[in-house]
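S.K.: Please read through the structure below; I'll follow up with questions.
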Amino acid sequence: MKLFDFNKYFPDETACRKAFKEMRDREGVVCQHCGSHDVVWLESKQQYQCKHCRHRTTLRSGTVMHGSKLPFMYWFIAMHLLTATKKSISAAELQRQLGHKRYQPIWEMMHKLRSVMGKRDDKYTLKGNIELDEGFFSTETPDSQKQEKLKSGAGSQKKSKVLVIAESTESENPKRGQKPKKVGHIKMIVVPNLRMVTIDGEAVNVIEPDSSITTDASKSHNNFKLLFGEHKSQVIDPKDIGKMLPWVHIAIANAKTLFADMYHGIKPEFLQEYLNEFCYKFNRRYFGEDLFERLVMIAASYRTDFEHRAYRTAV
Ligand SMILES: [Zn+2]
């Protein structure tokens, strides 16, 4: 959404609150006590009440704002900034823009939005011709391991392992300068290790069984021929990676560049949230102006289980 439109439609707290309620009404409010969809809005209480069990639900309850005390307008500004550009915005920058005193609630708000983006994408599986590979993202050493690392003289950076999967179909008669394959949806999943059992478990969870998977010849993919319709595996010379697995490598390179530009360091336990945002926006790259409204929709539809675990001032 363009800045002028945002200012026109969402000029103040009342407008944002009203827009959020309209989105909840459109998506349907469910009673958290008995599961009924039959609710009535009590204007005087500013709450929904179930017609069956009379349980009351606040406007924020059961949404991404569950438990948050931040103004609706903060959430709308954050959703606007997250969807208005191809890049992103850091919590520190948003805190400056909002002029909010404390960093932590802003940081949590951003991660909660990234978390519901991930929940939305979890609903979809990948199918057809699939590229799969592992990427290694630089993340900070967790505080618990810092002491040992310093003692051993190793740097403060470590690599987090990420399973990267992309729907990728051969282009018919690709034009000069075009990629030989067209990309559909992608997924990026932080994994604790690259063992076969780990990779298999994640892959069957997110890829349709009749798909055709292309990978390098790593042993951790040995089961794919049993798990999926087809498995094309071969030793790939690093210079041919753009031909064999173009889209997983473009996605990895773009995500790494974005993270390096935007953030001063990502802790491994929060890497998945940043990847959620990257994939969510990549998968909706043709949505244009609709991206903002879609994000408001999922913000109204999903409650996040993201909990504050740790934070630092510059992430
Ligand atoms: Zn009820």
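S.K.: Between LYS159 and LEU226, take the C-beta separation as r, use R0 = 41 Å, and let me know the FRET efficiency to the nearest 0.05.
M.R.: Rounded to the nearest 0.05, the efficiency is 0.90.
S.K.: A further question on this structure: LEU126's amide H: which non-local residues (gap 5+, or another chain) put their own amide H closer than 5 Å, with H modeled 1.01 Å from N in plane and none for Pro or chain starts?
M.R.: ILE207, GLU208
S.K.: Take the Cα of THR257, step 7 Å along the line toward its Cβ, and report every residue of region 79-119 whose backbone nitrogen sits under 12 Å from that point.
M.R.: 87
S.K.: For the pair ARG96 and HIS55, what calculated FRET efficiency results from E = 1/(1 + (r/R0)^6), where r is the Cβ-Cβ distance and R0 = 45 Å, to the nearest 0.05?
M.R.: The formula returns an efficiency of 0.65 here.
S.K.: If you don't mind, there's one more thing I want to ask. Let me know the charge dipole size of the chain about its Cα centre in debye, to the nearest 20, where only the beta-carbon of Lys, Arg (+1) and Asp, Glu (-1) is charged.
M.R.: 720 debye
S.K.: If only Cα atoms are counted, what is the Rg of the chain, and what is its Dmax, in Å?
M.R.: Answer for the chain, Rg first and Dmax second: 21.8, 68 Å.
S.K.: Which FRET efficiency value, to the nearest 0.05, do you get for THR125 and GLU307 by plugging their Cβ-Cβ distance into 1/(1 + (r/R0)^6) with R0 = 25 Å?
M.R.: It comes to 0.40.
S.K.: Could you tell me the relative contact order of the chain? Use alpha-carbon pairs under 8 Å, at least six residues apart, and round to a whole percent.
M.R.: On the way: 458 pairs, mean separation 74.5, N = 315.
Relative CO of the chain lands at 24 percent.
S.K.: Another question, then. For region 164-315, give the share of DSSP beta bridges that are antiparallel, in percent and rounded to the nearest 5; count only bridges with both residues there.
M.R.: 55 percent
S.K.: State the answer as a single residue: which of HIS231, ASN173, THR139 lies farthest towards the positive end of the charge dipole of region 129-269, with beta carbon charges of +1 for Lys and Arg and -1 for Asp and Glu, about the Cα centre.
M.R.: Among HIS231, ASN173, THR139, the one farthest towards the positive end of the dipole of region 129-269 is THR139.
S.K.: Where the convex hull is taken over the Cα atoms of region 129-269, what is its projected area averaged over directions, in nm²?
M.R.: Orientation-averaged projected area of the Cα hull: 10.3 nm².
S.K.: Checking the cross-link filter: which aspartates and glutamates have an alpha carbon closer than 13 Å to that of LYS181, excluding same-chain neighbours under 8 positions apart?
M.R.: Within reach: GLU131, GLU167, GLU170, GLU172.
S.K.: Given LYS21/LYS127; LYS182/LYS225; LYS159/LYS232; LYS87/LYS179; LYS239/LYS267, which pairs have Cα atoms separated by over 29 Å?
M.R.: Flagged as over cut-off: LYS21/LYS127; LYS239/LYS267.
S.K.: Based on DSSP, what percent of beta bridges with both residues in the chain are antiparallel, to the nearest 5? Each step should come with its number before you reach the end.
M.R.: Numbers: 27 of 36 bridges.
Of those bridges, close to 75 percent are antiparallel.
S.K.: By how many nm would the segment from SER68 to ASN205 lengthen if fully extended, with 0.36 nm per residue of separation less the alpha-carbon distance?
M.R.: Result: 46.1 nm gained on full extension.
S.K.: For the chain, with all protein chains present and a 1.4 Å probe, just round the carbon and sulfur fraction of the accessible area to a whole percent. Please report the intermediate quantities before stating the final value.
M.R.: Working: 8440 of 16780 Å².
With neighbouring chains kept in place, the figure for the chain is 50 percent.
S.K.: Charges at C-beta only: +1 for Lys and Arg, -1 for Asp and Glu. How large is the resulting dipole of region 1-117 about its Cα centre, in Debye rounded to 20?
M.R.: So the dipole magnitude of region 1-117 works out to roughly 200 debye.
S.K.: Another one. Give me the one-decimal nm value for the distance between modelled label points at PHE4 and GLU293, 7 Å along each residue's Cα-to-Cβ direction.
M.R.: 1.9 nm
S.K.: How large is the accessible surface per residue of the chain, computed with a 1.4 Å probe and reported in Å² as a whole number? Can you show the working numbers first?
M.R.: Numbers: 16780 Å² over 315 residues.
Accessible area per residue, the chain: 53 Å².
S.K.: Sticking with this one: Between LYS182 and residues 5 or more places away or on another chain, which pairs have amide H atoms under 5 Å apart, with H built 1.01 Å from N, and which residues are they?
M.R.: THR169, GLU170, SER171
S.K.: Measure up LYS69/LYS101; LYS86/LYS256; LYS45/LYS101; LYS187/LYS256; LYS8/LYS119 against 21 Å on the Cα-Cα distance and list the ones that go over.
M.R.: With Cα atoms farther than 21 Å apart: LYS45/LYS101; LYS8/LYS119.
The values are calculated or read from the model by the stated rules, or taken from the named source; none is laboratory data. Everything quoted here is computed from the prediction, not taken from an experiment. Counting neighbours? That spans all protein chains shown, and the Cβs are built from the backbone with ideal geometry, glycine included. These area figures cover heavy atoms from the full protein model, side chains too; ligands, DNA and RNA do not enter into them. Shrake-Rupley method; radii C 1.70, N 1.55, O 1.52, S 1.80 Å.
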